[in-house]
Amino acid sequence: MNDHTLRPAAIRTLIVCVLLAAAWIFTVKPARADLDDQRRLYSTQSAAVSAYLGSDPDEERTRRTQSNLESRVHAFADAMTAHATTAALFEQIERKASARSIRIHRTDPRSSSRVQSGPDRRRAASDEPVITADEFLVEFSGRYGDITDFIAEIPDTVGLAQINSFRLTRGAGDQVRGTLTLTVYRVPDRTTIIPDPAEASDDA
Amino acid sequence: MIGTPTRIVLTLTPDRIRGAVVRAGRIVRAEQIETDPTAWEQAWEQGLVPLDRPLRQLLSRLSPGRSQPRITLLYHARNAIVQSHEIAGSRDDARRAATVKIRESGGSIVIADAAILGPTAEKPGTWTVLALADREDDTNKLYAWLTRCGTRVERLIPEAAAIVRIAADRVLTAENETTACCCIGPGWSVIAVGSRDGLRLVRAFEFGHRLLSDVFQRAIRPDDAEADQALGERMLFDHGLPFKSTEISPEVRARILPMVAPVLQRFCVEIKQTLRFGIPADQQPSTLILDGPGAAIPYLASAVTDTVNMHIRVAPGCDGAGVLKPFAPGTFEYAWVRAETDTAELIPHAVMEQKQSDTFRRCLAAGAIGAAALLGAEYVHITGQNRELEPRFAQHATTLAALSREEEARERINRLAGAAGRVALRVTESAGPSADWPAVLALIAENASEHARFDEIDAQVTATGPEIRLKGSTVGTDDTSAAAALTEVVQALQASPLVTAINLGSTTRDTLADDRAVRHFQLTLRLATSQAAHQPLADYARRAGAAKEQTP
């Protein structure tokens, strides 16, 4: 073949090759890639299914665990946000004491601080949750049994509280006089504990 | 068959163009168109353009369809060289050698080819080869002419080559021991001598019945250029050589005979010289068979006999042959079509290139179709495999849905426990240990009685844990019973799970006004720590933190 026939033949061959290559690129290659992806996915799914079936799955158990945890977390959030202000806290203490025929002589805020994280407090970051710890002193008098019940109800009354100390002394008759120091832990709002707004409410 | 290209055999001679549609070696339809023989040379000089119209007319009669007919052209060559060689070796070697020989003799501007005619007699391993060549310029003109008229050229065969082929076949298939045959064509004649065992002699020379018909034409119409150009030919084949004929007027005979005699003389000389120099004297054939269309000329055999001094016979089937009809039995083109034997052919470079191009295009198309089929097959295979996976995925669906729900639940648990746990952990770390104060107060109340009373309870959380200090007294009728009451209180407190250790401090004795003994005491109780309600959340955060630190 000479140059006159070689050139069109070469062009024709090139066009056919390009068309075939294009057909391969746009049909077979994506189909092959899709098949490889599907096989990988199937392999991954098979492994996951085998592992899942081998782990003795119990959806009911998982649901119970989740339900228990939700209850616990919401209770914790409720306790940490029980009273927004100190005045409301004192009012609640007064109300509980009155219900037990206990007389409150004095309620006194002693200190207020922010709870720092762990031993390395320099690492406290801006995204650390803000937890305030307020210490109070309460002086009261009443009968021993009522005081015992009053002290037992303190955590439920004031939210999340830690009794630091108390002192009870016998008074006249069956009266007992006492002082109590406790620390109340609070967070500004529930989202500190339950970040997801959809789960923050008790109905979630 | 619809769309199948028609195969047409054409003959081109100075006085006419003949054509026939050939299917499977059978002549289906034949036509001819007369042309002006005096314009033959001029037509060649003009690239055969004057013959375009006649050819188109002929083709339209033969093949009215739109398909491009494939053409085999037997043509009267102006400059063709026809040779026969005896060459030893294989058939292919002999053919190649003959091609080289004629190419060397013809120069660089020729198109050459060769074909084996048959074995050479009495020379084992030797072949008689027909070699022919023509000027490339002429073959290109023929190719261009045929292409211009919408045909597709397959083969170009000079008339002489076709006559040689016919003559050689006649000798090789003859029943006699040795046969000498003279095949007279329109423009060329061939003498072949041989038998079934092989050929002894093959020689072509430029003499045909057209020379005789031209003489008749000139003798009948010496000055009439517009006269029927085929009249002389018809008269030649109708009345023959008029040496003794009484059917022709004496005037005409008187004009013809002087003109025919030298032509006939030349023909006889060619025969005699060919046999004399081609065949040894002791092997000279005694009989010569006239064959081909020229053999049908009446009285030709008798005219030749007188001159060559041999027995002259006309081949069977040549008597009264209708050589004036295109492709009729007796014509050389009819014999060539019927023979269907391998003939040397001249293929112009353009045709070669066209053939190569066609072959390449076919190969390319086949390759493309094959590749496309492979691509399609692979695509179908892949799609099939993909489809096979679908039911397997469906089998996993239920389990995967359960797994997905499980993972969502775990993620929700982790999310819930994560934030709450961090807060709980910090509260726990900040608050430190604690005791179950209400239970401790209840324990103290349980141990208070008329013999034991507690005057002061002082509870606090120290660095070592929660503890409570009690101040009180026990009463007895005497000191021993008061001590026993104290011991009883201590033992009761010590027995409680709320108390981990008990330390009895100072004790003092005293006596009441009614003489009962009193023991004043101080007790320090170390208490068991209690777990706050949020402790599990803090424990979770602690474990999660530890796991995170261990993760690289």
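The values are calculated or read from the model by the stated rules, or taken from the named source; none is laboratory data. Since we're looking at a predicted model, the values are computed, not measured. Note that each Cβ is placed from the backbone with ideal geometry, even for glycine, and that neighbours are counted across all protein chains shown.
The condition (being more than 9 Å from every other protein chain (Cβ to nearest Cβ), within 30 Å of A:A48 (Cα to Cα) and part of a helix (DSSP H, G or I)) is satisfied by just one residue among B:A366, B:A373, B:A401, B:A377: B:A401. Restricting attention to the stretch B:445-478, the residues that are surrounded by 19 or more Cβ atoms within 10 Å (Cβ to Cβ) and within 18 Å of B:T529 (Cβ to Cβ) total 5.
Pairs are defined by a Cβ separation below 7 Å, a sequence spacing of at least 6 or placement on different chains, a first member in the stretch A:167-179 that is within 12 Å of chain B (Cβ to nearest Cβ), and a second member that is part of a loop (DSSP other than H, G, I, E, B); the pairs so defined are A:R177/A:G171.
Only one of B:T126, B:T99 is more than 39 Å from the chain's Cα centre (by Cα), modelled with pLDDT of 85 or more and of a type in the set (V, I, T). Can you tell me which? Being more than 39 Å from the chain's Cα centre (by Cα), modelled with pLDDT of 85 or more and of a type in the set (V, I, T) holds for just one of B:T126, B:T99, which is B:T126. Considering only residues in the stretch B:15-35 that are surrounded by fewer than 16 Cβ atoms within 10 Å (Cβ to Cβ) and touching a residue at least 60 places away in the same chain (Cβ under 8 Å), the one that is nearest to B:P186 (Cα to Cα) turns out to be B:E34.
Okay, residues lined up against (1) away from chain A (no Cβ under 14 Å); (2) over 60 Å from the mean Cα position of the chain (by Cα); (3) assigned to a helix (DSSP H, G or I); (4) touching a residue at least 60 places away in the same chain (Cβ under 8 Å):
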site	(1), (2), (3), (4)
B:V489	yes, yes, yes, no
B:T500	yes, yes, no, no
B:A513	yes, yes, no, no
B:A533	no, yes, no, no
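Checking each residue in the stretch A:141-166 for being over 18 Å from A:E91 (Cα atoms), touching a strand residue (DSSP E or B) at 6+ places or on another chain (Cβ under 8 Å) and either touching a residue at least 60 places away in the same chain (Cβ under 8 Å) or facing chain B (nearest Cβ under 8 Å) (or both) picks out A:Y144, A:Q162, A:I163, A:N164, A:S165, A:F166.
Against the test of being exposed (fewer than 15 other Cβ atoms within 10 Å of the Cβ), touching a residue at least 40 places away in the same chain (Cβ under 8 Å) and assigned by TED's automatic domain parsing to the domain that holds B:N309, the options B:R276, B:R218, B:R200, B:R210 yield a single qualifying residue, B:R218. Looking at (1) within 10 Å of another protein chain (Cβ to nearest Cβ); (2) modelled with pLDDT under 90, which one does A:R7 not meet, given that it meets all the others? A:R7 satisfies every listed condition except (1). For the stretch A:189-200, the condition of being under 23 Å from the mean Cα position of the chain (by Cα), more than 7 Å from chain B (Cβ to nearest Cβ), at pLDDT below 80 and crowded, with 16+ Cβ neighbours inside 10 Å holds for at least one residue. Selection within the stretch B:42-66: residues that are touching a residue at least 40 places away in the same chain (Cβ under 8 Å) and hydrophobic (A, V, I, L, M, F, W, C). The member of this set that is nearest to B:L142 (Cα to Cα) is B:L48.
For the stretch A:147-180, filtered to residues that are among the polar types (S, T, N, Q), out of contact with any Phe, Trp or Tyr (no Cβ under 7 Å at 6 or more places or on another chain) and surrounded by fewer than 21 Cβ atoms within 10 Å (Cβ to Cβ), the residue that is nearest to A:D134 (Cα to Cα) is A:N164.
Return yes or no: is B:A482 crowded, with 18+ Cβ neighbours inside 10 Å and over 22 Å from A:G145 (Cβ atoms)? In short, yes. For the stretch A:37-81, a tally of residues being more than 8 Å from chain B (Cβ to nearest Cβ), assigned to a helix (DSSP H, G or I) and surrounded by 17 or more Cβ atoms within 10 Å (Cβ to Cβ) returns 1. When B:A144, B:A162 are screened for being touching a residue at least 60 places away in the same chain (Cβ under 8 Å) and surrounded by fewer than 19 Cβ atoms within 10 Å (Cβ to Cβ), only B:A144 passes.
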